[in-house]
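Comments concern the structure below.
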Amino acid sequence: MTADLPLKGFRILSAEQYGAGPYGTMHLAQMGADVIKIEPPRRNGKGGGDTARAVGPHFLRDGESLYFQSFNYNKRSLTLDLRTEQGQAVLHSLVAESHAVANNMRGDLPAKLGLDYASLRDINPAVVCAHLSAYGRDNARAKWPGYDYLVQAEAGYCQMTGEPGGEPQRMGLSMVDFMTGCIFTIGLLAALLDAQRSGRGRDVDTDLYSAGLHQTSYPALWYINEGDETQRTPRSAHPTATPSQMFKAKDGWMFVMCQLPKFWDILCERIGREDLLADKRFTTNADRLANRDALTELLDAHFETQPMAHWQELLGGHVPVAPVYELSDALDNPWAHEVGMRQTIAHPDKAAMHTLASPIRLDGQRLENRAAPLLGADTDAILAEVGYDEDAIAALREGGIV
């Protein structure tokens, strides 16, 4: 598949760190783009690199973080000090032969470090400059640092999550980072497609706050048009469809979703509770919503008579149903192996490192993963590709530029 990857031949420079930006560019690297990860060089043998390299608690043999691995498959690492004139000269040499320059820095930094289109268009008029920040580059919060959890709080997620009457809760994963990273790459790819046709690049921006707020989606429209503010529901139930929530089986929790009227009919028939179809409290979805507590009590009593596996066997493929797994169960799930979502790859510090596969498939095959690069592992090769000889590279290294 390697020879047929759709982004083969495209070079993307990315001054990135931590989660959202690296997550987005990782998808581009998996689809064949040459993603060159620009990282600060070490100073006196210490520090340097993406801050994610130091995020614990789990590390490979030489201090490489497993956290870092999860965002940086298939990339190359170039150490480069963008704050120096020599570093900017290297950047410009690379930009001349690249298709895009990405970053996920604080909003005021891309212009200062020469990573925006105004700084680079004279070097390469077709270059796309993609920016992912916390709050944007052109407003009063441009200098603000920001993270996923803050956006979950400000965009309303925490107050919408959890049991009614309980404390606000964030999602268990940094989903705003991941969503924003994906939106970031959509914008980059759209601008890149246009640049291939027109020969003109541009800036393309997204930010955690905008992406997070955008994902409030239909509850947002309900509120801003009708004043209807979505509230928490028991058992993580859907705000309008019923039953669509968690239920307790004999040995644990499961999620059952009757989003369509037909699924309610099928559910009652397959679990042997046709009597519920004749109950006027549950005739329509509106009736079931009005009597959700009573319906939950009845279904709980029935589902608690058998283990989850029984109900999944009975309902799977007929009514949307899933077990509520611990993370360990989710990752050890035989289905994850059956569909190819678990892979093993080689890393210099770990011969067999277990990873998750790309969710994207091309021609029926999942994209390949290569281990994330060691810090600066590709610096010499990348510089040589744009004309630096051994002496010039040695001088840059001696000066702490790379």
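Matching residues to (1) in contact with a Gly (Cβ under 8 Å, 6 or more places away or on another chain); (2) not assigned by the TED database to the domain that holds A96:
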{"position": "T355", "(1), (2)": "no, yes"}
{"position": "I360", "(1), (2)": "no, yes"}
{"position": "D363", "(1), (2)": "no, yes"}
{"position": "R366", "(1), (2)": "yes, yes"}
{"position": "D378", "(1), (2)": "no, no"}
{"position": "A381", "(1), (2)": "no, no"}
{"position": "E385", "(1), (2)": "no, no"}
{"position": "I393", "(1), (2)": "no, no"}
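Can you tell me which residue is farthest from the chain's Cα centre (by Cα) among those in the stretch 305-337 that are assigned to a loop (DSSP other than H, G, I, E, B) and within 20 Å of E269 (Cβ to Cβ)?
Step one: list which residues in the stretch 305-337 are assigned to a loop (DSSP other than H, G, I, E, B), which gives 305-307, 316-320, 324-326, 333.
From what is left, the residues that are within 20 Å of E269 (Cβ to Cβ) are 305-306, 316-320.
Values: T305: 39, Q306: 36, G316: 28, G317: 28, H318: 30, V319: 29, P320: 25 Å.
Across the stretch 305-337, the extreme among qualifying residues is T305.
Pairs meeting the criteria (first residue in the stretch 379-392 and at positive phi and touching a residue at least 12 places away in the same chain (Cβ under 8 Å), second residue of a type outside the set (V, I, T) and open to solvent by less than 50 Å² (accessible area, probe 1.4 Å), beta carbons under 9 Å, at least 6 apart or on different chains) are G387/S93.
Considering only the stretch 268-276, I want to know if a residue exists there that is open to solvent by 50 Å² or more (accessible area, probe 1.4 Å) and more than 30 Å from Y325 (Cβ to Cβ).
Scanning the stretch 268-276, I find at least one residue that is open to solvent by 50 Å² or more (accessible area, probe 1.4 Å) and more than 30 Å from Y325 (Cβ to Cβ), so the answer is yes.
Among the residues of the stretch 302-322, the one identified as open to solvent by 60 Å² or more (accessible area, probe 1.4 Å) and either within 24 Å of P164 (Cα to Cα) or in contact with a Leu (Cβ under 7 Å, 6 or more places away or on another chain) (or both) is E304. Selection of the stretch 45-101 for residues being under 21 Å from F178 (Cα atoms), part of a loop (DSSP other than H, G, I, E, B) and β-branched (V, I, T) yields only V55.
Scan the stretch 190-209 for residues that are in contact (Cβ under 8 Å) with a residue 60 or more places away in the chain, assigned to a helix (DSSP H, G or I) and either among the β-branched types (V, I, T) or open to solvent by less than 60 Å² (accessible area, probe 1.4 Å) (or both) and jot them down. Within the stretch 190-209, A191, L192, A195, L208 meet the criteria.
The values are calculated or read from the model by the stated rules, or taken from the named source; none is laboratory data. Fair warning: this is a prediction, and the values are worked out from it, not measured in the lab. Using ideal geometry, Cβ is built from the backbone for each residue, glycine included, and neighbour counts are taken over all protein chains shown. For the accessible areas, the whole protein counts, side chains as well, though only heavy atoms, and no ligand, DNA or RNA atoms are used. Shrake-Rupley method; radii C 1.70, N 1.55, O 1.52, S 1.80 Å.
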